[in-house]
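Laboratory data are not the source of any read-out in this text; all were calculated from the coordinates shown. Please read these numbers as outputs of a predicted model, since none were measured by experiment. Neighbour counts are summed over all protein chains in view; Cβ atoms, including those assigned to glycine, are modelled from backbone coordinates with ideal geometry.
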Amino acid sequence: MARFQVKNLFQVACAVFVMGASGVTFGAEITGAGASFPYPLYAKWADTYKKETGVSLNYQSIGSGGGIKQIEAKTVDFGASDKPLDEKKLKEDDLTQFPTVVGGVVPVFNLDGVKDGGVKLTGDILAQIYLGKITKWNDPAITAINPGVTLPDKVITVVHRSDGSGTSFLFTSYLSQVNKDWKEKVGADTSVSWPAGVGGKGNEGVASYVGRIGGAIGYVEYAYAKQNKLTSAQLQNKSGKFVEPSASAFQEAAASAKWDSVPNFYLILTDVEGDKVWPIVGATFILMEKKPKNPKQSKAVLDFFRWAYEKGDTLATDLDYVPLPNSVVNLIEQSWKENIALE
């Protein structure tokens with residue numbers, strides 16, 4: 001199946017005639033906003049779902065921070081975030097959340113003559129680069145773990161997200177786990193006070209800077225990196241193995257998830273054990289009102305994601321996301337019955 005190419009980061013589809021078993025009335029449109037991390041998949045799901053059912057989805061890829069704000073303001077039917085909200089925050093805003101798929105965040109770089117996966121990095125080195133402590137590609141710490149690779153005496157330009165981003169949350173969560181200075185001085189969040197570098201909006205903003213600046217390094221979600229043929233680095237995982245990003249490496253991390261052991265599906269999957277695990281992995285989440293002002297619209301959202309869980313796995317794997325197992329889907333659908341008032 002040909003991979004879906006992202007052409008429009010804001011509009012997935014227009015409102016169309018909708019009727020039938022879903023109970024959505026004529027002229028209705030599902031609206032959502034938030035994380036750019038799952039955007040390629042939500043766009044593909046939306047396109048296929050519209051062809052099958054006539055139901056349309058308008059999803060704005062504005063970053064997790066924006067998605068959280070919009071669902072809090074009740075201006076969309078659902079918000080999307082790669083940073084799960086804790087129980088206190090969910091209660092404050094009378095929201096519920098559930099995961100959709102698992103994916104990975106990858107460091108990407110621009111070095112002439114160095115192929116994809118041609119540079120190895122450890123989490124500690126990556127943190128030191130983003131702290132501004134390692135500033136050149138031929139730094140002894142980098143060359144020591146890259147024997148046989150010619151690394152230039154070139155300044156490393158650090159690129160990070162400028163917008164509130166779940167991708168940044170996963171990335172900074174990982175750096176906080178592997179580097180004490182990062183944890184104490186910067187921490188993990190959708191937006192942080194970056195010690196070094198330049199900011200780009202969205203995956204596309206980061207990729208643009210990395211592509212234009214020789215010696216640059218940034219981070220994006222894997223599906224975006226693969227679709228746009230960006231050059232990614234290998235990372236050393238918690239088990240001490242250097243691995244390349246792949247759907248199977250994300251699946252290795254996802255396999256450790258125990259969704260039934262935490263309230264509101266609050267799990268962080270970065271830096272987990274396993275020889276084949278990619279270390280920067282996370283689920284992406286949907287945020288919805290527990291007492292929606294328009295129950296029919298909320299039902300339409302749940303119908304869409306129920307279809308996605310039942311029929312969207314192949315589309316997810318085609319785009320290198322990891323679908324959730326049926327046992328987790330059952331937990332999610334049960335949570336809908338318990339937490340979202342549709343009458």
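Side notes on the structure shown:
- The range 47-99 and the range 134-175: distance between their alpha carbon centers, rounded to Å: 31 Å
- In summary, the aspartates and glutamates within cross-link reach of Lys83, defined as a Cα separation below 12 angstrom excluding same-chain residues under 8 places away, comprise Asp189.
- As a proxy for reagent exposure, ranking Ile125, Ile286 by other Cβ atoms within 10 Å from fewest up yields Ile125, Ile286.
- Charge dipole (debye, nearest 20) of the range 77-195; +1 at Cβ of Lys and Arg, -1 at Cβ of Asp and Glu: 460 debye
- DSSP bridge orientation in the range 105-256 - percent antiparallel, rounded to nearest 5: 55 percent
- Filter on Lys120/Lys229; Lys44/Lys291; Lys180/Lys241; Lys120/Lys276 - keep pairs with C-alpha separation over 26 Å: Lys44/Lys291
- Hull-based mean projected area of the chain, where the convex hull spans the alpha carbons, in square nanometres: 16.5 nm²
- Highest mean packing first, where packing is the average number of other Cβ atoms within 10 Å per residue, the peptides 30-37, 90-97 line up as 30-37, 90-97.
- To the nearest ten degrees, helix 326-339 and the longest principal axis of the Cα atoms of the chain are 50 degrees apart.
- Translational diffusion coefficient of the range 105-256 (Stokes-Einstein, Kirkwood radius from Cα pairs, 10 °C, 1.306 mPa s): 103 µm²/s.
- Relative packing of peptides 160-170, 246-256 - highest average C-beta neighbours within 10 Å first: 160-170, 246-256
- Gaussian network model of the chain, Cα within-10 Å springs - most flexible of Val281, Val186, Val55: Val186
- D (Stokes-Einstein, µm²/s), Kirkwood Cα radius, the range 19-132, 1.567 mPa s at 4 °C: 76 µm²/s
- Once the Cα atoms are used to define both axes, helix 39-53 deviates from the longest principal axis of the chain by about 30 degrees.
- Of Lys89/Lys293; Lys50/Lys311; Lys74/Lys299; Lys136/Lys185; Lys136/Lys226, pairs whose Cα-Cα distance is over 24 Å: Lys136/Lys226
- Mean sequence separation of contacting Cα pairs (under 8 Å, at least six apart), scaled by the length of the chain, corresponds to a relative contact order of 24 percent.
- Rounded to 5, percent antiparallel among DSSP beta bridges of the chain: 60 percent
- Alpha-carbon Rg/Rh ratio, for the range 168-291, with Rh computed the Kirkwood way: 0.97
- Rounded to 10°, Cα long-axis angle of helix 295-311 versus longest principal axis of the chain: 60 degrees
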